Amino acid sequence: MKKFLISSFGVMLLLQGAFAQQKKMVADKIVSKVGEKIVLQSDIESALVDMQQQALEGMPLPANASCQAIEQIIAQKILVLQAERDSLPISEADVDGRIESQIRWAEQRYGSREKMTEITGYTIYQLRERFRDAIRESMLAKAMRDKIVNAVKVTPTEVKNHFERTPKDSLPFYESELEIGQLVILPKASYEMDKYAIDRLNDFKTKVENKEGEFSTYASLYSEDPAVRENGGTYILNRNDKNWDPAFMQAAFRLKEGAISSPVKSQFGYHLIKMIKRAGDNVTVQHILIKPNVLTADINNAINKLDTIRANIISRKMSFGEAVTKYSDEPMAKFNGGMLQNPNTGSTYITIDQLNDPSTKDIVMLLDSLKPGGVTKPLIFDDEQGRKAVRLVYLKTRTEPHRENLKDDYSRIQQRTLQEKQVTALNKWLQDKIPTFYVHVEPEYRQCENIAKWTANSPVSTTASTK
């Protein structure tokens, strides 16, 4: 049976679609109505742009790409309508938070806010307003989909049967994979260096309040925020966004318009924050970041601490996971146990070529001499924020290149089995639910496989909406 998945229509897709429409000058028209919601030809074009981005470079779109696109969009509309019927809890604050986080992600993809505006033709304000409904719908659709599929489980027998049904020559081949953990300590600056950073920020604050200088000037000249060249230290924050340092957020939202905070300590250093504007759960702030200098003595203290921790791990006084939970300074360590994550699958199994970012590429040099279960001596490195840090690297497992099998790859096979069972459950739900909504599809799309199945028992354009 053909698989059918609901795609997540995020800001990047919408931006790509907007840009594609500007270049293609698509003649828009309504191609489907789902309840009171409409699907435009430009929506199909936007989805096709997204498919092109996801496809391998040079790979053409499948012949039925337009069918896949409209099927996904109609399915999403049905999920949204049912979510509204069920009053699933998606608040405007949730929507605002998602918009802001995805716009920041889009800024990073384009390189800067200015570049994003230049390419898309939309200001940040226009993007927020233009795509608010689409973001709300994507969140409602996801909530409804989760409600449908989260109850789906698979048994060991189902996993085994799924594996045995797969032709042997279709089983994936895996290169050598590793499970690698790290216990990271950020050396603490001395009291004197902390005080120097605080004194500098207080000096900036005094000069601004005495009209001896502009806050924006000090931000441009002295802030150690890497993004200051792009945005002048100015950010829009949403009260419900969890991606910001909590201390920074709390200090920012306590300020009145025009006010400047006292120095605020976060995981990145010390900040001076100026409130530019408040608008409901959103605020616009500008900040100056000063990072206290970490001296050689501070780094040596961290190395000595890790030497002691390593000795305790080797002597089995504690496991690596227990040591990470107790001592690691990584924000995500309590969630991932210090294990590196595969960026493509989210699993803990990674290949050597995935250790290619600046903060992990030096680990590759250690792997030949490190046996499974081994822990390195303390290593100095620069983390993703450019801070000096010290870590222990732990090699949990190393697999040999192999064809997929139940012994070594059970969790992967289990996940694949679960995903296919969830797709089946979702398809069945759609098959049962779509006849309870009014759905009209223009003739050129009625031959699409899933649309034909969904509407087989009722006229496409006259289906009644019932509770």
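Annotations
- Considering region 396-451, and only residues there that are assigned to a helix (DSSP H, G or I) and acidic (Asp, Glu), the residue that is modelled with the highest pLDDT turns out to be 420.
- Filter pass, residue 189 being over 30 Å from residue 102 (Cα atoms), outside any helix (DSSP H, G or I) and among the aliphatic types (A, V, I, L, M): yes
- Inside region 267-303, residues that are in a strand (DSSP E or B) and more than 26 Å from residue 207 (Cα to Cα) make up a count of 2.
- Which listed residue is assigned to a loop (DSSP other than H, G, I, E, B) and over 21 Å from residue 189 (Cβ atoms), from 224, 257: 257
- For region 395-428, a residue qualifies if it is among the β-branched types (Val, Ile, Thr) and either within 27 Å of residue 319 (Cβ to Cβ) or assigned by TED's automatic domain parsing to the domain that holds residue 331 (or both), and the qualifying residues are 397, 399.
- Residue selection: residue 274 fails the criterion of being of a type outside the set (Ser, Thr, Tyr) and surrounded by fewer than 19 Cβ atoms within 10 Å (Cβ to Cβ).
- Residue count for region 304-348, restricted to those that are over 16 Å from residue 389 (Cβ atoms) and part of a loop (DSSP other than H, G, I, E, B): 14.
- Of the residues in region 378-394, none is in the same structural domain as residue 65 (by TED's automatic domain parsing) and under 30 Å from residue 159 (Cβ atoms).
- Hits in region 283-307 (condition: touching a residue at least 24 places away in the same chain (Cβ under 8 Å) and of a type outside the set (A, V, I, L, M, F, W, C)): 284, 286, 287, 291, 292, 293, 298, 301, 305, 307
- Residue under evaluation residue 460, criteria (1) assigned to a helix (DSSP H, G or I); (2) at pLDDT below 90; (3) aliphatic (A, V, I, L, M), criterion not met: (1)
- In region 159-185, the residue that is farthest from residue 300 (Cα to Cα) out of those that are among the aliphatic types (A, V, I, L, M) and surrounded by 19 or more Cβ atoms within 10 Å (Cβ to Cβ) is 159.
- A single member of 298, 307 is within 23 Å of residue 194 (Cβ to Cβ) and of a type outside the set (A, V, I, L, M, F, W, C), and it is 298.
- Taking the criterion of being surrounded by 14 or more Cβ atoms within 10 Å (Cβ to Cβ), closer than 28 Å to residue 269 by Cβ and either free of Cβ contacts under 8 Å to residues at least 12 places away in the same chain or not basic (Lys, Arg) (or both), the residues of region 386-430 that qualify are 389, 390, 392, 393.
- Residue pairs whose Cβ atoms lie under 7 Å apart, sitting 6 or more positions apart in sequence or on different chains, and linking a residue in region 16-43 that is polar (S, T, N, Q) to a partner that is at pLDDT 55 or above and surrounded by fewer than 17 Cβ atoms within 10 Å (Cβ to Cβ), are 16/53; 22/121; 32/442; 41/28; 41/29; 42/28.
- Subset of region 421-440 [closer than 18 Å to residue 33 by Cα and under 28 Å from the mean Cα position of the chain (by Cα)]: 430
- Meets criteria (within 27 Å of residue 189 (Cβ to Cβ), assigned to a helix (DSSP H, G or I) and under 26 Å from the mean Cα position of the chain (by Cα)) for residue 250: yes
- Filter result for residue 348 (crowded, with 18+ Cβ neighbours inside 10 Å and either of a type in the set (Gly, Ala, Ser) or touching a His at 6+ places or on another chain (Cβ under 6 Å) (or both)): no
- Enumerated helices (runs of 4 or more DSSP H) restricted to region 75-158, each holding at least 1 residues that are crowded, with 21+ Cβ neighbours inside 10 Å, modelled with pLDDT of 90 or more and under 18 Å from the mean Cα position of the chain (by Cα): 132-149
- Cross-chain or 6+ apart pairs with Cβ under 8 Å, region 308-324 first and closer than 15 Å to residue 377 by Cβ, then among the basic types (Lys, Arg) and surrounded by 11 or more Cβ atoms within 10 Å (Cβ to Cβ): 310/377; 320/396
- In region 395-420, the residue that is farthest from residue 152 (Cα to Cα) out of those that are among the charged types (D, E, K, R) and over 28 Å from the mean Cα position of the chain (by Cα) is 400.
- Hits in region 236-258 (condition: crowded, with 19+ Cβ neighbours inside 10 Å and either at pLDDT 90 or above or more than 14 Å from residue 278 (Cβ to Cβ) (or both)): 241, 248, 249, 251, 252
The values are calculated or read from the model by the stated rules, or taken from the named source; none is laboratory data. Just so it is clear, the structure is predicted and the values come from calculations on it, not from any experiment. We place every Cβ from the backbone using ideal geometry, glycine too, and count neighbours over all the protein chains shown.
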